[in-house]
Amino acid sequence: MQRAFTFIEVMAVVLLLGLLAGVAAWSLADDARRTNRKGALQQVVQMERMTRLGAARLGEVTRLQIDLDQGFMRRISVDATGKDRPGHTVDLGGGGGRGGVRLERMIVPNEAAWLQDEQGTRRATPVSSGSVDVAYSSKGHSQTFALRLAWPADDQAKAAQDEEALLTGDGVWIVFAGMTGQVTFLQDENQVNNLFCHAGNGPVLTLVEVVAAIVILGTILVGIVLARARHTRQLALAMQQQTAVQAADELLTGWWAVKQGVPVEARGQLDTTPAMIWETHVVANSEAQQLGARVVQLQVRLQPGLETGRTGEDANQPLVAVDLVLPDPAYEAQRKQQELDKQRERELRLQQRLRGLRSNGR
């Protein structure tokens, strides 16, 4: 004979089954909420990506219409005649959809009002109502914008322990990079503002920033002007040197053609533009002197009083300096005198020998 369950035992079993059913129902509801949120995130991201890729592939200007009041996103293409062609639509139900997910607000640089707090931090005031259009070029580029999806808030303690942190809390910001289409998920609105500030989409610069920018631009412009002036001077100097080389070559050709040769310690005027003069100076050179020669340097320089385009010690330097090795007249005269002295000495010796022979013959 089997013993029947007592009333207390039956109630205990019923209570235990109720607790298990409650835990299971809560877990299923939590999973359903996360599934709905993840699905909404994927829909929004895929919609933006399809709009960007479609504009690039078709080569058409496209708009992404985001209606914050009605909770839908719609792709609108613009044909060659400028007529709108509405396309695919994602409808989140304005908060009445699955899981209470809704398009809450967004930040678009040309739509947001930028404010500056006491610490000087620039913050954007998001658009929270109405319809906003994001334009895409025929290459698939747009401006950077951020869209916030909101849902009923979760227990923050539980959210901190949740592995899928983006699906907890009361919503998430989705930032779309305008040039690349890269997607970034953020929960802190300050981080979103920082991204836009770093991207250069902030408001009017402060007075200090404007002054700093003017100083930097002025420095750059001065540097460009100075570099251009230096280049102009160098070009003018190169042309002057080329003219001086040609004049020196013509001058030497004329000197070699006459018997007088190269004038030493002399100067003269050259028929050039700009006006130039030539000068010759003897330069000390012991090696040349030992060989019976001397070094004469031909210098060509601008006529005194003209702007040389050079500064410092270079301003007094000649445009061209040519060293010429020429016979030393003093050495030639000395050598001839020595030969005459030797010849006279030989003649004297010969005369002395002749006298001696005559004396012996007598």
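A short reminder: the numbers here are calculations on the coordinates, not readings from a lab. These figures come from a predicted structure and were not determined experimentally. Cβ coordinates were reconstructed from backbone atoms using ideal geometry, including for glycine residues, and neighbour counts include every protein chain displayed.
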Could you work out the per residue convex hull volume over the alpha carbons of segment 212-327, in cubic angstrom?
126 Å³
Segment ALA293-GLU347, length gained on full extension (0.36 nm per residue, minus Cα span):
16.4 nm
Under-5 Å amide H pairs with GLY178, H placed in peptide plane, nonlocal only:
THR144, PHE145
Given the Cα-Cα distance of LEU16 and ASP69 and 0.36 nm per residue of separation, how much length would full extension add, in nm?
14.5 nm
How compact is segment 241-293 by the rule of thumb for globular proteins, expressed as Cα Rg over 2.2 N^0.38 Å?
1.35
Take ALA321 and GLN337, extend 7 Å from each Cα along the Cα→Cβ direction, and tell me the distance between the two endpoints in nm.
3.2 nm
Unit charges at the beta carbon, dipole of segment 212-327: most positive-side option, PRO304, VAL283, VAL258:
PRO304
